[in-house]
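> This is the structure, below, for whatever I ask next.
The values are calculated or read from the model by the stated rules, or taken from the named source; none is laboratory data. Not measured: the values here are computed from a predicted model. FYI the Cβ positions are ideal-geometry reconstructions off the backbone, even for glycines, and counts take in every protein chain you see.
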Amino acid sequence: MAATSFQYEETVVETTVETTEEELTTIEESPLSKWEREHTEMLLGRAEKSEQLHREMLSKAKEDVAEFYAEREKAIKAKQAQNEESETQFRASQETLFTHGTVWEQVASMVDFSGTAQMLSRKKLAAAAAAAAASADKSNTTTPTSSSTAAAVPELEKEDTTRMRSVLISLKATKD
């Protein structure tokens, strides 16, 4: 129901027009309002689809995270069991070695002969030389001398264990 009032020469005239909702929609259904209604419906549909997709992705992500943690826990337990087994084997071999092996076999069993330590020492040596050269460049604008880089080298050469390794291997081979 719509009410209208207007003033005409100092008399107030009130009119009331009763319309039903169907008449109201047919009267107001212009092309623009039709487009706005359709556009709003389309946007609401898109929003609903987007919200549903978001909920699906969120639930899948939660499942994936739960699966990840389950696999991680499984891998950790497997690694712990493997570590316990290898530690048991190591302790048994060490116990056997310390009861029956020579002193040099015992010492050699505690040393890593794989060569990675030597490679690490060379890398440290190269890194120290580069750091010394860089610090010399920062302190002096002149070119660094070989003595400034050589100053860092002797203290890291102490870590070179090639000679010690060869002596231990030869002592391990002797059976006295």
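> Which residue out of THR16, THR26 is modelled with pLDDT under 80 and in a strand (DSSP E or B)?
Working: THR26 fails: in a strand (DSSP E or B).
So the residue among THR16, THR26 that is modelled with pLDDT under 80 and in a strand (DSSP E or B) is THR16.
> Same structure again: Name the residue, out of LYS74, LYS79, that is surrounded by 10 or more Cβ atoms within 10 Å (Cβ to Cβ), of a type in the set (Lys, Arg) and over 30 Å from ALA108 (Cα atoms). Don't jump to the end; show me each part of the working.
Working: LYS79 fails: over 30 Å from ALA108 (Cα atoms).
Every option except LYS74 fails the conditions.
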